[in-house]
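Engineer: Quick one: structure below, then a few questions.
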Amino acid sequence: MIKESKRQLNRFSQMDDNIAAKDRVVAWPRMGRIDIPLKALLVTLGAKIVIPPANSNEVLELGVKNSIEGICLPYKLNLANYIMALENGANTLMMFQAPGSCRLGNYTKMAQKTLQKMGYEFDMVIFDMYQSKMKQTVQAFWHVTRCLNPIRYIRGFGLGFTKFFAIDAAEKHLLYYRPREIKRGSAEACYKKWLNKIDETNSLFKFCFLFGRMKKDFAKIQIDKTRKVPIVYLLGEFFVLLDPYTNQNIEKELGEMGVEVQRQIMFSDWLAHVLTPSFLNKKESHRERCVRYAEKYMKRAIGGECIETIGDTVYAAKHGIDGVIHMMPFSCMPEIVSQNILSKVSKEENIPVLSLVFDEQTGKAGYMTRIEAFIDLIKRKKFVNDKKNIIEREEMIKC
Ligand code: SF4
């Protein structure tokens, strides 16, 4: 019985236990702005934390130097984040992993062995992104912090989750206003202001008003209502989508070209549908919707975000979206499969698709030329076919 329950626990999480709770200094890899909610959660539970520097050329160089050549880009950046965190005093590394056919299932073990060979001493706490439920997630945070106060858990998880939702809301406003703004940079400035406020706000009560205030503040941005704005779905591999350094800030580039980006993977979706108990989830999740729409082209998920990529592209074609940009790290196995299926989907569903592959050699100029040509294509297609889009989008954002 005991053996069975231990095996269950290991399926969801692997947790070293060599460092006393009071001595733990916790770190996790950088990806977009997950540092803001994770900091709130861990600090509320009483943990000491180290946040490694944001991803940059210097970080990537360190990761490349210590990784095998063929491994995917997110691993290289994660490894460098760990090295920098350990150098800055961290001794407990948290990592998300997912099972399935892709290399993410082996990442953490590989990183752990590499870091041990480099002479670092630390504990690794791993939990499964797709299988873990709330219970396993709380167990992982208990393991790291040994916090016994239930009030702190309620407050910490409440605060962390709310910050994830608030960041996603701020990003959605930014993506809507940036291509329509009259004064270049006003949406970005508003977004940065609210990101700071989200980071600084540590009262759940204050968050009751923050969402409404943020929405009103964004609504003050002067926009050109007559501008024809094509809508592009951004989809593909999770890390590349969420990390602006890795995707060369593509959302900003597209927004400044007058294109509204709708990113299809948001952290809050994952929180809402993976961690929340199923009886509270009445709506179809993003993943369930993708499986339904991808059925004609793919019968089962094969790891990574492959089925989401196919399902979202079919969904985009059926819902008047002007084009799809598919992003993946070089040699990403699930997304190589999607890339091959996408050419068929694009043809049969009549939707323009551009696939972009990112690695440490990616030069901005080369991929910008491809993006500009693609945007020209969808703008031409849109302006010929679609006259009602602007009004419909404005009505939607007002709801
Ligand atoms: S999804 Fe792709 S990039 Fe991410 S770990 Fe798997 S193979 Fe690597």
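Values quoted throughout were computed directly from the atomic coordinates according to the rules given, and no laboratory measurement underlies them. What you are looking at is a predicted structure, and each value in this text was computed from that prediction instead of being measured. Here the Cβ positions follow ideal geometry from the backbone for every residue, glycine too, while neighbour counts run over all protein chains shown.
Engineer: Each label point is 7 Å from the Cα along the Cα-to-Cβ direction; what then is the distance between the points at LYS135 and ASN57, in nm?
Structural biologist: Simple spin-label model gives 5.0 nm for this pair.
Engineer: Here is a further query. Using a Förster distance of 30 Å, how high is the FRET efficiency between CYS208 and GLU121, based on the Cβ-Cβ distance and rounded to 0.05? Don't jump to the answer; show the numbers that get you there.
Structural biologist: Values: r = 44 Å, r/R0 = 1.46.
Between CYS208 and GLU121 the formula returns 0.10.
Engineer: Hydropathy first: keep DSSP H helices in the chain averaging at least 0.0 on Kyte-Doolittle, then drop any whose Cα extent along the axis falls short of 15 Å, and list what survives.
Structural biologist: Span-like helices here: 73-87, 150-177, 204-219, 306-318.
Engineer: A further question follows. Under the 0.36 nm per residue contour assumption, what length would be gained going from the current alpha-carbon distance of ILE336 and LYS197 to full extension? Write out the running numbers ahead of the final one.
Structural biologist: Values: separation 139, 0.36 × 139 = 50.04 nm, distance 3.92 nm.
The span from ILE336 to LYS197 would gain 46.1 nm if fully extended.
Engineer: Give the longest segment of the chain that steers clear of GluC sites (Glu not before Pro) in DSSP loops with at most 16 neighbouring Cβ atoms within 10 Å, not counting the sites themselves. Let's see the in-between values first.
Structural biologist: Details: sites that count: GLU69, GLU121, GLU284, GLU295, GLU360.
Longest stretch, sites excluded: 122-283.
Engineer: First check a/c for the chain, with a ≥ b ≥ c the square roots of the eigenvalues of its C-alpha gyration tensor; if it is under 1.5, answer rounded, and if not, answer prolate when a/b is larger than b/c or oblate otherwise.
Structural biologist: prolate
Engineer: Sticking with the crude label model, points 7 Å out along Cα→Cβ, report the distance from GLU295 to LYS228 in nm, one decimal please.
Structural biologist: The answer from the label model is 3.6 nm.
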